[in-house]
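Report on the structure given below.
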Amino acid sequence: MPRSTRKGSSNKREITPAAARRALLRRRVIVLFCSLALALAVVTGQLFSLQVYRYPELIKAANGQTWRQVPSVARRGTIYDRNGRELAISIGTASIYARPAEIEDPDGASAALAASLGLPVKQIREQLRSKKSLIYIKRSAPLEEAEAVMRLALKGIGFDAQSRRFYPKAQQAAHLLGFVGTDDQGLEGLELQYDHYLAGKRKWVARQQDAKRRPIFREEADETQGADLHLTIDEVVQYITERELEAAVSQSGALSGSAIVMNPLSGEILALANYPTFDPNVYTEASAFARRNRAVVDYYEPGSTFKVIVGAGALEERLVRPEDRFNGEGGVIEVGGATIRDHERFDSLTFTEVLTHSSNVGAIKVGQRLGKSHYYDYISGFGFGTLTKIDLPGETPGLIRRPKEWSALSLASLSMGQEISVSPLQMLVAMSAIANGGVLVRPFIAKSIVAADGKVIRVNTPTQIRRVISEDTARTLATILKGVVTEGTGKAAAVEGFEVAGKTGTSQKIDRATRRYSRQKVVASFVGFVPVERPQLAIIVMIDEPSTLRWGGSIAAPTFREIARESLKHLRRSPTDQEPLRLAEGIRHATFRLD
Amino acid sequence: MRSYDIAALTSVGRERAGSLLKPRVDQIRRFDLLQTLLLGGVVLIVVLFYVWQHVQVIRLGYQVESLMGERAGLLQQQKELRVEVAQLKSLRRVEEMARRQLGLTGPKPGQVITLE
């Protein structure tokens with residue numbers, strides 16, 4: 001504004017329009033500034049309140065909404081046979097659950113769920129109308145089904161990631177593998193025995209999610225998968241054993257049967273089978289009898305196969321020689337007020353013939369020569385009455401009474417395998433001691449346990465329990481038992497091209513009604529090893545209550561032959577194999593004697 | 001004595017002085033403004049970078065989750081295929097197929113020759 005205008009201006013009302021506009025603009029700027037300053041102050045105050053004053057409380061609430069603790073999936077380790085073939089695998093599944101209170105349209109939701117899960121609509125509708133806070137719609141559902149339900153985006157439906165055990169070979173090795181429960185815990189067999197290693201460790205991991213519950217970040221969980229179990233079992237030998245056992249049980253119309261194949265030098269179990277068997281994938285559909293691992297947990301009277309033990313003791317104590325003769329008494333003998341008969345009339349037999357022809361009278365006379373005390377020592381020494389300590393649950397030690405509890409008949413009964421109960425496994429371990437040169441070995445099934453990261457956690461190695469007979473005695477006995485197959489009761493066990501040693505047994509069962517030995521119910525068995533000089537396989541076949549082919553030599557021995565022949569073929573063993581017999585070292589003779 | 005209009009002189013002086021100082025003041029103001037704008041720009045870039053970083057982290061988080069889901073799915077598929085392979089390799093099934101569909105039988109004794 002020019003100074004001249006101000007000079008003569010005494011009237012303030014003479015304000016130019018431009019000045020007035022500027023003044024107005026200035027006021028407006030001031031008002032706007034003040035408003036903005038006030039707004040800024042409010043925002044700053046709010047910011048201070050949120051970021052400083054209420055920070056701890058708000059960050060806790062925010063984390064509570066965005067971070068969730070979710071369980072990681074604890075997957076069980078895989079079980080493999082000795083050649084790395086899968087016998088039990090865990091695969092991912094999801095359990096689908098509902099919170100009925102949160103379901104807005106139970107009818108619509110149940111129809112949609114039923115279509116996705118293949119379940120009856122009525123059943124789901126009832127579940128969704130339940131007053132429970134949480135109900136499982138379907139447990140262990142395949143992931144495809146869970147994904148289908150997830151796509152429905154139903155409110156009040158949740159998922160729980162789990163794993164499901166699957167046995168791809170169904171019945172194969174079912175009694176060995178056992179099975180797991182709904183919560184993936186081992187209930188039977190190796191699944192139970194090694195549950196601690198196989199079970200994965202379930203951990204809680206933090207997961208950040210957005211408003212739509214979509215995961216943004218997840219903490220890296222530590223390894224939650226269980227360790228893998230590598231077995232001594234050979235899938236092919238196992239299959240052969242199961243196939244032949246099933247055929248024998250069916251052919252003879254038997255109640256059941258058991259068979260075990262073992263490496264007599266190391267104690268490694270190559271196959272273990274029971275028939276009837278079951279499918280561990282649907283174990284609830286099988287009876288308790290079918291699920292029981294009868295080869296290990298049940299016992300039976302071994303009958304004539306037990307004559308091997310009395311013979312081993314008498315030979316070891318040098319009380320008999322193979323060529324020593326015994327009076328066969330015409331096949332009948334009176335002991336302790338009881339009359340015991342042979343299956344045929346023998347007038348005179350050598351010790352070798354007592355075993356090859358399975359003479360009861362001869363075995364009783366050998367037992368009498370050995371005496372109660374020595375015989376009991378050898379029974380105990382061969383592991384009867386104690387656990388073999390195989391790595392399977394529920395093993396039976398069998399039944400054996402001490403000599404002071406024996407009656408006048410007991411020594412005679414025990415000499416022909418009565419008044420004692422043993423498991424098929426115990427009988428096989430005892431025969432293996434004869435096969436391997438006189439050393440009792442511990443049978444085992446798990447070869448190694450390997451963690452998910454490949455680290456070997458545990459290795460089971462062959463364990464020698466004790467020497468029970470000398471190598472000479474074992475060799476003599478093996479030669480005699482070879483005679484059982486070449487010219488005795490076990491001719492049907494002969495395998496072409498191989499020398500087989502073994503012993504037949506046909507024992508009468510106790511009739512529970514009469515409490516006497518039954519004439520109809522018997523247990524037919526054969527236990528032996530092959531080849532005699534360089535034993536590769538020790539096998540026992542036990543057929544319970546066959547209705548036809550009732551003799552050990554007529555049903556168990558041929559089954560032994562088929563298992564041995566096919567297994568040797570699979571293991572590529574030829575009659576000319578020159579692998580040396582590995583004998584136990586550092587174990588002194590007769591260290592097993594009991595007081 | 002000459003009389004001067006002091007007021008007029010002062011006004012003129014001011015105007016003259018003002019006309020001399022004005023470019024300098026404007027320059028300083030421009031510089032200040034430029035400085036302020038630059039500072040504001042840097043602050044804005046830092047803030048935007050910070051926000052972008054956060055957005056990127058979240059975006060990558062979604063990607064990682066998605067890839068982890070994909071990986072889990074593939075591992076699951078692999079497991080299921082292993083189960084299927086194991087099922088198909090079941091010796092019972094293979095033998096049944098060999099006997100029934102292909103008419104094969106096991107070799108009889110004497111038909112097997114072991115080559116040393």
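Nothing in this text is a laboratory measurement; each read-out follows from the coordinates by a stated rule. Since the structure is predicted, the reported quantities are computational estimates derived from the model, not experimental observations. Cβ sites come from the backbone with ideal geometry, for glycine too, and all protein chains shown count toward neighbours.
Side notes on the structure shown:
- The range B:23-81 and the range A:349-374 have Cα centres spaced 94 Å apart.
- Peptide B:74-84 - average C-beta neighbours from other chains (10 Å radius): 4
- Most tightly packed first, judged by the mean number of other beta-carbon atoms within 10 Å of their residues, the peptides A:518-524, B:85-91, A:164-170 read A:164-170, A:518-524, B:85-91.
- Placing unit charges on each Cβ (+1 for Lys and Arg, -1 for Asp and Glu) gives the range A:235-570 a dipole about its Cα centre, and among A:Ala288, A:Ser567, A:Leu481 the Cα reaching farthest toward its positive end belongs to A:Ala288.
- Note on chain A: helix-only mean residue ellipticity at 222 nm, from DSSP H runs of 4+ residues weighted -39500 (n - 2.57) and normalised by residue number, equals -10000 deg cm²/dmol.
- Counting Cβ atoms of other protein chains within 10 Å of each Cβ in A:338-350 and taking the mean gives 0.
- In terms of the mean number of neighbouring beta-carbon atoms within 10 Å, the peptides B:94-105, B:61-72, A:249-260 order highest first as A:249-260, B:61-72, B:94-105.
- Fraction of beta bridges assigned by DSSP in the protein assembly as shown that are antiparallel (%, nearest 5): 95
- Peptides A:89-100, A:433-444, A:31-42 ordered by packing proxy, namely the average of other Cβ atoms within 10 Å per residue, highest first: A:433-444, A:89-100, A:31-42.
- Whole-number percent relative contact order across the range A:235-570, with pairs defined as alpha carbons under 8 Å at least 6 apart: 23
- Chain A, relative contact order in percent, only Cα pairs under 8 angstrom and at least six apart counted: 14
- Gain on full stretching of the segment that runs from B:Phe31 to B:Val94 - 0.36 nm per residue minus C-alpha separation: 13.7 nm
- Cα-centre dipole for the range B:6-100 with unit charges at Cβ (Lys and Arg positive, Asp and Glu negative), debye to 20: 140
- Close amide-amide hydrogen proximity is noted between A:Tyr517 and A:Asp511, each under 5 Å apart and 5 or more residues distant or on a separate chain (H modeled in the peptide plane; Pro and chain starts excluded).
- FRET efficiency, 1/(1 + (r/R0)^6) with R0 51 Å, evaluated for A:Thr463 and A:Lys203 via beta carbons: 0.90
- Using the Cβ-Cβ distance between B:Arg71 and A:Lys60 with R0 set to 35 Å, the FRET efficiency works out to roughly 0.60.
- Peptide-level mean, for B:85-93, of C-beta atoms on other protein chains within 10 Å: 6
- Under 16 Å from the A:Arg519 label point (7 Å along Cα→beta-carbon), backbone N, the range A:393-426: none
- Between helix A:557-570 and chain A: long-axis angle, C-alpha atoms, 0 to 90°, nearest 10: 50
- Of the GluC sites (Glu not before Pro) in the range A:257-329, those whose Cβ has at most 10 other Cβ within 10 Å and which sit in DSSP loop: A:Glu323
- Sequence-distant residues sharing a close amide H with A:Gly257 (under 5 Å, placed H): A:Tyr275, A:Asp544
- Full-stretch length increase - A:Leu387, A:Ala111 - with 0.36 nm per residue and alpha-carbon distance subtracted: 93.7 nm
- Centre-to-centre separation between the Cα atoms of the range A:230-257 and those of the range A:37-82: 60 Å.
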